[in-house]
Each structure stands twice: as structure tokens, then as C-alpha cells.
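Below: the structure, in C-alpha cells.
The values are calculated or read from the model by the stated rules, or taken from the named source; none is laboratory data. Nothing here was measured: the structure is a model prediction, and the numbers come from that model. Cβ sites come from the backbone with ideal geometry, for glycine too, and all protein chains shown count toward neighbours.
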Amino acid sequence: MELLCIQSQEHPQLPIAELKAVMECEDIDADIDVITEGLVILKNISEENLIAYYEILTKRLGYTHEVHELIAKSNVDDLNEDVSKIEWCRYIDETFAVRVKRFHTEIDTVATERKVGSLILDNCDGIKVNLTKPKSLIRVVAFKNEIFVAIERIKLNKKHFEESKPHKRPFFYPGSMNPKLARCMVNLSRVKEGQLLLDPFCGTGGILIEAGLIGCKVVGSDIYWKMKNGTSINLDYYGIKDYRTFNLDVRELKMYEKVASVVTDPPYGISTSTGDIDGDDIFKEFFYAIYDNMRDDAYLCMASPHYVDLEPMVDEVGFEIVEQYGIKMHRSLTRIITVIRKKLD
Ligand SMILES: C[S@@+](CC[C@H](N)C(=O)[O-])C[C@H]1O[C@@H](n2cnc3c(N)ncnc32)[C@H](O)[C@@H]1O
């Protein structure tokens, strides 16, 4: 069986990297077929795993906007015939809507939605079209001449990323991370539900909120009491219960339990204070402080500015870089997202 994923196109690599990381840590056994940027099919999924995988993907992913079960593959010429062959009563529950999404094609969206809708109505009795609140959503995806016909079984909570923008939280402070990127970084750290994740520069708690929402136990610390307190307020607001927050300098960090994951956005630039630590030293101090607090199989995912070369620091402390991605912020700043783990010897 196959799942069709529609992904964000706001970054060329992060959506796929995030998907691969989740598949790796959740043991999702499927082949990835990238049709084009923003469109991915997961192939060769056994029937018994389909719903479990579907639930994990919709619960966790930030840069994937929709996940559907693929029903049929067709093309522009054979679409009508292929749609008519599908036993629609098996898929549709009372009301439905057909929505078309296009990638590199000019097919007429409205005409295709109407045509497919009428073929479905002809094929199954007792169902109706409902464009505003359909019980079943049929997603038709066109890529060049190819057409994929799919059904949405589980809705992804897209609204969460809109509604949880930092300025909408009870505690706000400038410099908080965009929630989609925070979710992606949590996923890149390969953490699983129930495991312990730490952000030692927690600020307003943006990363911890995303980790808490996918079921991790979270720990945050910050040098400023105001931020530690603000993180607790924000975590309470999102109903996250399994958390602890501390007010300390990263150099004093001594965890009561080694963590499975560290996800963080260390301070840099003139807008964030680093306590009394000079410039880039914050990164080296952080790597030294964090090493012994991490399990041997833990991953660390962090953000840093492009002008800081992490490689020699990471190497000196005993870590290695697994993957790195650049996000252009403006003309003179690219943010680098780096995934790191302990060197295996
Ligand atoms: C870029 S902000 C983190 C923002 C956070 N990801 C969020 O979503 O709000 C960096 C944080 O590191 C804290 N910080 C600065 N120096 C620190 C140090 N030496 N030890 C621990 N925290 C420190 C700052 O107070 C700030 O809240």
C-alpha cells in the first residue's frame, strides 16, 4: 500500500530530511519516492502497518501538510476511465469533496474536480457532495501528465502551526523560533514519544512545546529566571504536563538523567545575551557542557549562524556532524541547522 505526502515547498531539503528522520526513529518500513519537490510517495507499506504509520506521520511532521492513502495512479488521458473503475462505496462515508492539487501542470482544476466528482456519484449510491464539510476528502494530485487519486484518512493539524505562532502565546519574547522549524528540529533529533528531550537555552519554550505535543518528556533551562518562568507558563498553556524547567547557565548543567535528545537554538548575534560568555565561545562551552548529559545514542539538533564553523568544535569534544541544512534568513545571515551525535569508536 502507498501513502502520498504533500509537503511544504518553503525549503528544498528540510521537509524530506524531517520525513526520513521520523521514518528512521519510528521504524517505518517503506520506500521513499520523491516525485517532485513537495510531492512524495511512500511505497511498499504492508496493510497491517498502514494506519499506524499514517497516525505517526500526521501526529509528528511539521513540513508535511497532508498525508493520504493512495487509491489509484492514472494519467491525464485515462483519468475518467480509471476513476470509474474504483469501487467508491468502499472509500466514501456519506459525503465527499474532490480537491485537485497541481505540480508542474496546467490541467483545469475546477473542471477536473467536477468531472471526478460526477464520476464518483455515478459509481456509488447514497453519497452526496459536500464542499464545506465533507466526511471524505478525495485528493487528486496532478504532476505533469501523471495523476494520483488518494483519500485523506487522518487529518493533520495544520492549524496548530498558525495558532501557535510565538506572539500568540501567553509569554512572548523576541527571538523565539517559528513552530514549524522547531517541530522539524525535534524530528531531526530522532526522539520518540516518552523519551527525554532537553533544550538548555529554552527561552520562551518554543522547541519544548513542539516536543511536548508529540509526547516527549521535556526539560528546559535558561540563564534568565524570567525565561525559565515564561517557558513554564507556555508549556502549561499547551497542556504539556511532563516537564521540568531550571534556571541555570549552560556551563552548570548536570542532568538527573541522561537525555535521548537535545534540541536547541543557542544565543548569538547582538540581540541575545549570552551571560558573560564571549562571542562564539558559547558554542564550545555548550558542546563541552552537554556531552556527558547525553545518552551515547542521543542526537543533538541545533541552529547556528553560517559564520560559526561548528565542525572543529564538535570534533574536539567528541561529536560528529550527521547532516546540515542552510536556511537563508536575509542577505547577510543564513541559519544552519545541524544534526550531531557522539562519535562511535
Ligand atoms: C535564541 S534564544 C532561544 C529561543 C527559544 N528557542 C525560543 O523558542 O524562545 C537563546 C536563549 O539562551 C539563553 N542564554 C543565553 N546565555 C545562556 C547561558 N550561558 N546559559 C543558558 N542560557 C543562556 C537566553 O536567555 C535566551 O533565552
The correct count of residues that are at positive phi and near the ligand (Cβ under 8 Å from one of its atoms) in region 239-257 is 0
Expected output for region 274-297 (first residue aliphatic (A, V, I, L, M), partner within 12 Å of the ligand (Cβ to nearest atom) and at pLDDT 85 or above, Cβ below 6 Å, 6+ apart or cross-chain) is I277/E285; I282/P266; A289/V250; A289/R251; A289/L253
On the given criteria, is G318 more than 13 Å from the ligand (Cβ to nearest atom), on the phi > 0 side of the Ramachandran plot, in the same structural domain as G175 (by TED's automatic domain parsing) and in contact with a helix residue (DSSP H, G or I) (Cβ under 8 Å, 6 or more places away or on another chain)?
yes
Condition set out of contact with any strand residue (DSSP E or B) (no Cβ under 6 Å at 6 or more places or on another chain) and not in a loop (DSSP other than H, G, I, E, B), scope region 121-136, selection farthest from I92 (Cα to Cα): answer is D122
If you take the residues of region 294-315 that are within 13 Å of the ligand (Cβ to nearest atom) and crowded, with 18+ Cβ neighbours inside 10 Å, which of them is nearest to L333 (Cα to Cα)?
S304
What tally of residues in region 149-192 results from selecting those that are part of a loop (DSSP other than H, G, I, E, B) and either in contact with a Pro (Cβ under 7 Å, 6 or more places away or on another chain) or within 11 Å of G206 (Cα to Cα) (or both)?
10
Inside region 85-106, can you point out the residues that are part of a loop (DSSP other than H, G, I, E, B) and under 19 Å from N75 (Cα atoms)?
I86, E87, H104, T105, E106
Go through (1) surrounded by 14 or more Cβ atoms within 10 Å (Cβ to Cβ); (2) of a type outside the set (S, T, Y); (3) over 30 Å from Y299 (Cβ atoms) and name the single condition C202 misses.
(3)
What about S84, is it farther than 13 Å from A150 by Cβ, out of contact with any Leu (no Cβ under 6 Å at 6 or more places or on another chain) and surrounded by fewer than 16 Cβ atoms within 10 Å (Cβ to Cβ)?
no
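One line per residue, one yes/no per condition, for (1) within 14 Å of the ligand (Cβ to nearest atom); (2) in contact (Cβ under 8 Å) with a residue 12 or more places away in the chain; (3) within 30 Å of D242 (Cβ to Cβ):
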| site | (1), (2), (3) |
| --- | --- |
| T109 | no, no, no |
| K115 | no, yes, no |
| L137 | no, yes, no |
| A150 | no, yes, no |
| K155 | no, yes, yes |
| E163 | no, no, yes |
| H167 | yes, no, yes |
| G175 | yes, yes, yes |
| K180 | yes, yes, yes |
